[in-house]
Each structure stands twice: as structure tokens, then as C-alpha cells.
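Reviewing the structure listed below.
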Amino acid sequence: MSEAVSALKGASFDGIVTVEEMGLQGMITLRGDLASPEMKKAVKDATGLNVPEQGHIAGEGGNWVAWMSPDELLLIVAYESVSDTEASLRDALSKVHHLAVNVSDTRAMFRLSGNGALVREAIAKLCPVDMRTEAFAPGQFRRSRMAQVPAAIWMPDESSVQVVCFRSVAEYAFNLLKGAAAPGSEVSLFS
């Protein structure tokens with residue numbers, strides 16, 4: 001059996017902010033009735049986190065639960081535990097309509113970190129998302145486009161943004177992020 005590797009094997013770039021591919025991440029797409037007691041309990045038991053409100057993400061460190069749509073969540077867990085987490089969700093939800101799919105190897109995740117204003121600026125160059133502090137704060141989550149590709153973004157804290165995209169476009173996404181973070185590319189949108 002071959003060893004799993006991330007899309008860009010931990011590639012990084014230092015510019016006005018640091019851009020890093022975050023390596024292997026466990027990710028599960030979970031669909032169903034997000035308001036049902038069974039779903040809420042299954043998510044809590046599997047991750048230790050509550051189902052977040054619309055447009056939000058719950059968690060910190062390695063465990064996250066993101067609201068993707070009215071009937072969809074993205075669960076982010078340790079890569080090593082994703083199969084067990086998926087199995088526990090399927091068991092817990094066996095009597096209700098749901099879909100739980102391990103999408104870990106079809107996604108890539110990046111982290112931009114550094115000066116908070118410049119992190120916001122780098123993302124604003126690529127995504128049609130209002131990145132002003134009063135419009136987008138830690139705990140909020142957006143599905144959007146990053147140039148020509150679908151992506152999802154959130155801020156774990158005031159000085160970083162995390163981006164999830166399809167693994168098939170990871171190199172393109174990394175190059176976009178490097179361009180947005182290139183030295184001398186500051187336009188002082190948020191300072």
C-alpha cells in the first residue's frame with residue numbers, strides 16, 4: 001500500500017505574508033438535516049463540536065466543523081482518525097437519512113499567516129469576499145471563488161486565513177496565493 005502524501009508536500013512561500021500548504025487533513029462531507037437531534041449529537045460525539053450557525057465554523061487547532069449549505073457540513077479532523085470518525089458518524093446516523101463521505105484525498109488546505117491586514121489583503125485580491133474586519137471575522141466561513149476555482153475560507157484568528165480547495169487545483173491555488181503575497185504587492189486596503 002502506498003503512503004499518502006499531500007498535494008504539494010508542505011510547500012511554503014514567504015512574502016508579505018507566509019503561505020503554507022498544510023499537509024494531509026482529514027475531511028468529511030456530511031449531509032442531512034442539520035437541525036435534527038441525531039445529527040447534532042453525532043457531530044458533537046465525533047468532533048467534540050456543535051453544529052455551527054449558517055456562515056460559520058466551529059473549532060480550533062485540528063478539529064473544525066464548517067457550515068457549507070443548509071444540509072451540508074465539512075468536518076476537518078486529524079488525517080489519521082478520519083476513517084474512524086466517518087465510521088462513527090455512519091453508525092450514529094444509521095437510522096436517519098444522511099451522507100458521510102471521506103473527501104480527505106480530494107482536498108488541499110492552505111494557511112496564510114502574518115500581519116492581519118496583509119493576510120486580509122492577500123485574500124481580497126483573489127476572492128469576492130468583503131474582508132474588512134467588521135464584515136469578516138474569526139469564526140465566519142465563506143464558500144467562494146478564488147480566481148477561477150471554488151474555495152472556502154475562514155480566519156482561525158486575526159492574523160491568519162485558511163483556504164480549502166480541490167486537490168486537483170492545488171498547484172494553481174498555491175501559485176495564486178503566492179502572487180497575492182508577493183513582496184511589493186501591498187496596496188494597503190486594510191491598514
Worksheet item: What FRET efficiency do you get for MET68 and PHE190 if R0 is 22 Å and r is their Cβ-Cβ distance, rounded to the nearest 0.05?
Response: 0.25
Worksheet, complete the sentence: In the chain, taking the dipole from +1 charges on Lys and Arg beta carbons and -1 charges on Asp and Glu beta carbons about the Cα centre, the listed residue (ASN50, ILE76, ALA170) farthest towards the positive end is ALA170
Fill in: Residue order, fewest to most surrounding Cβ atoms within 10 angstrom, among LYS41, LYS95, LYS178
LYS95, LYS41, LYS178
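How big is the convex hull of the Cα atoms of the stretch 26-105, per residue, in Å³?
Convex hull of Cα atoms, per residue: 75 Å³.
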Fill in: Centre separation in Å (Cα based) which lies between the stretch 1-18 and the stretch 171-188
16 Å
Discussion item. Charges at C-beta only: +1 for Lys and Arg, -1 for Asp and Glu. How large is the resulting dipole of the chain about its Cα centre, in Debye rounded to 20?
Written reply: 380 debye
Worksheet, complete the sentence: Expected vector for the stretch 86-97, Karplus 3J(HN,Hα) from phi with 6.51, -1.76, 1.60 and θ = phi - 60°, integer Hz, x for Gly and Pro, equals 4, 5, 5, 5, 4, 5, 5, 9, 4, 9, 10, 5
Worksheet item: How big is the C-alpha Rg of the chain next to the rule-of-thumb value 2.2 N^0.38 Å, as a ratio?
Response: 1.03
Worksheet, complete the sentence: Given unit charges at Cβ for Lys, Arg (+) and Asp, Glu (-), the dipole magnitude of the stretch 26-105 about its Cα centre in debye, nearest 20, is 200 debye
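Computed from the coordinates by the stated procedures, all read-outs in this text should not be read as laboratory data. Everything quoted here is computed from the prediction, not taken from an experiment. Note that each Cβ is placed from the backbone with ideal geometry, even for glycine, and that neighbours are counted across all protein chains shown.
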